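Report on the following structure.
The values are calculated or read from the model by the stated rules, or taken from the named source; none is laboratory data. The model shown is predicted, which means the values in this text are computed figures rather than measured ones. Ideal geometry is used to build each Cβ from the backbone, glycine not excepted, and the neighbour counts take in all protein chains shown. Calculation scope for accessible area: heavy atoms of the full protein, side chains included, ligands and nucleic acids excluded. Shrake-Rupley method; radii C 1.70, N 1.55, O 1.52, S 1.80 Å.
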Amino acid sequence: MGKIWLEKSYPPGVPFEIDPDKYSSIVEMFTKYTQQYAQRTAFINMGAEISYQQLAEQATDFAAYLQNELGLKKGDKFAIMVPNTLQYPIALFGALMAGLTVVNVNPLYTARELEHQLTDSGTKAMLIIENFAHTLEEVIDNTPVEHVILTSLGDRLSTIKGGLVNFVVKYVKKMVPAFNLPNAIRFNQVMTKGQSLTFTPVDINGEDLAFLQYTGGTTGVSKGAMLTHRNMVANLEQAKAAIKPLLKEGEELIVTALPLYHIFALTANCLTFITLGGTNLLITNPRDMAGFVKELAKYPFTAITGVNTLFNGLLNTPGFKDLDFKTLKMSLGGGMAVQRPVAERWQNVTGTRLLEGYGLTECAPMVTISPYNLVSYDGSIGIPASSTDIRIVKDDGSDAEIGEPGEMWVKGPQVMKGYYNRQEATDEILKDGWLATGDVAEMDFKGFFKIVDRKKDMIIVSGFNVFPNEIEEVLMMHEGILEAAAVGVPHEACGEVVKIFVVCKQGKIDEKELIGHCRDNLTNYKVPKIIEYRDELPKTNVGKILRRELR
């Protein structure tokens, strides 16, 4: 796309190239900044704070336990299945220090989804919040998991508050269904035992796997994107380069409402703000918008990330517009398209522009970002991140001209190694070092990119990827269904929701029964919201259902 010309579109202070080898690993980066900002607060959750020094000490204790008591070795897979609590960063950095590959798991997974991810990844040990331990109980015997560490929501709070929170969650709100995992050990016991054990540093290099981050990729079942330490270091350096002119090291407080198990918050909030000596305010339940706004009122936050639905939800929550936004410097939207009405209203209310970017799990995730110095929302996804090349490729394989649409291909140090144990799927998306995103985009004469459409059939619900193949497979598990297809349809609050087209074998299956079947097998955001019954579905001449016609 003409690097010398494109470089001119970069705003002041943003380097055109970054050093992806600045740190040998996330662990080296973590060690440096926890020492540099030792007395700064690293994370806050439900009123409890943990400093950088305390985080480093507790992560080391956790790593020592994994090494000595569980016998885990470099390269073993360790799953984390918890919401935004202080336990997450402790376990995350502890596992990485021990040389393990972290497998992030959505706590809301159904038993079927959980079994697939644990089995596909070869997970040997995991940390799970007890609220969802009953799901693990259903499938653990069918997985390679050998060790389970259980935690409760209040485990890292003060003794009195933590005990009260755990009592209310379990016995008053009854949010912990009965489960039986007799060999599981409690998180706080792990931390106590770890203090008496010796941690042995592990030699970790940039090509070692840091994460297996699961995604559907372009098609098919959920796959583990292999993200190396170098991939992650590169992307956090790219993210830091893009936003650093707005921020001051050691002075920022970022609101982290998106789950840390999602690649967006993991990189943009957790890792990037570690390198800035920032404080992450962890919101455990952002769906409680009233409670979320009350929490925001307590802190002079300087940055916030989210998806369009989160920003829209805050704007429509009583009390939000009355908050003090004088300290707010940066608002960053990703995960799904930011809608113009939301972006404009956000800027009017908070006085900050919503920076929009584009990324995908396979790129750790950032590919483009809107320059920090733009005056207002412009509908674009911005310019390429530092050290990132982008091609717009036409159907015939040639490069598109300026303003001409084509598939976006990406090359850069943040591009994944491939899909875990799926060479065929890897070969479909990685082509001579270029990652074919499956998204149709175009570039304007200033070097700004805009997403035109999605080439792939993926549905995006509130920033989460939903893949039609998975929905259709679950539908076909119902004995009364002959054919089924799933598509995304526009939705004001969620961006898109799932709509299904069903051909029944006999009569008409009751809608409640069909939705119930889906709820038993799919996470809530994947459950269809609209059902249309058909006598037949449109197909190609070889019998493939034409989703595009249904859309």
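Modelled spin labels at L197 and F445, positioned 7 Å past Cα toward Cβ, are 6.3 nm from each other. Based on alpha-carbon atoms, the Kirkwood radius and the radius of gyration of the range 127-251 give Rg/Rh equal to 1.05. The residues of the chain expose on average 41 square angstrom of accessible surface per residue, using a 1.4 Å probe on protein heavy atoms.
Remark: the range 502-516, residue by residue, has Karplus-estimated 3J(HN,Hα) of 10, 10, 8, 6, 9, x, 9, 6, 4, 4, 4, 5, 5, 5, x Hz, where x stands for each Gly or Pro and the curve is 6.51 cos²θ - 1.76 cosθ + 1.60 at θ = phi - 60°. Rolled with a 1.4 Å probe across the full set of protein chains, the surface gives K77 an accessible area near 30 Å². Sorting 127-137, 188-198, 343-353 by average packing, meaning the other beta carbons within 10 Å per residue, from highest down gives 127-137, 343-353, 188-198. Per-peptide packing, taken as the mean over residues of other Cβ atoms within 10 Å, places 306-314, 474-482 in the sequence 306-314, 474-482 from highest down. The range 196-333 has equivalent-ellipsoid semi-axes of 30, 20, 15 Å, by the square roots of 5 times the alpha carbon gyration tensor eigenvalues, sorted largest first.
Applying a threshold of 22 Å to the alpha-carbon distances of K240/K329; K394/K499; K394/K450; K240/K431; K499/K539 flags K394/K499; K240/K431 as lying beyond it.
Helices in the chain, meaning DSSP H runs of at least 4 residues, each add -39500 (n - 2.57). Divided by all residues, the mean residue ellipticity at 222 nm is -8000 deg cm²/dmol. Each listed q (0.08, 0.12 Å⁻¹) maps to a log10 I(q)/I(0) for the chain, found by the Debye formula over equal Cα scatterers with no solvent: -0.52, -1.24. Which entries of K223/K248; K161/K298; K411/K446 have Cα-Cα distances beyond 29 Å here? Violating the 29 Å limit, Cα to Cα: K223/K248. Within the full protein context, the accessible area of F179 is estimated at about 60 Å² for a probe radius of 1.4 Å. Placing M46, M232 in order of accessible area, with the largest value first and a 1.4 Å probe, yields M46, M232. More than 20 Å apart: what percent of Cα pairs in the range 446-551 qualify? Roughly 40 percent, once rounded to a whole number.
Taking the 1.4 Å solvent-accessible surface of the chain as the whole, the part contributed by carbon and sulfur is 50%. In this view, the solvent-accessible surface of K170, computed with a 1.4 Å probe and all protein chains in place, comes to about 70 Å².
Using Cα centres only, tell me the gap between the range 190-253 and the range 487-502 in whole Å. Each part's Cα centre sits 32 Å from the other's. Close amide-amide hydrogen proximity is noted between G382 and F449, each under 5 Å apart and 5 or more residues distant or on a separate chain (H modeled in the peptide plane; Pro and chain starts excluded). Determine the percent antiparallel among the DSSP beta bridges restricted to the chain, to the nearest 5. Percent antiparallel among DSSP bridges in the chain is about 55.
Net charge near G313, counting Lys/Arg +1 and Asp/Glu -1 over other residues with Cβ under 15 Å of its Cβ?
Residues near G313 contribute +1 overall.
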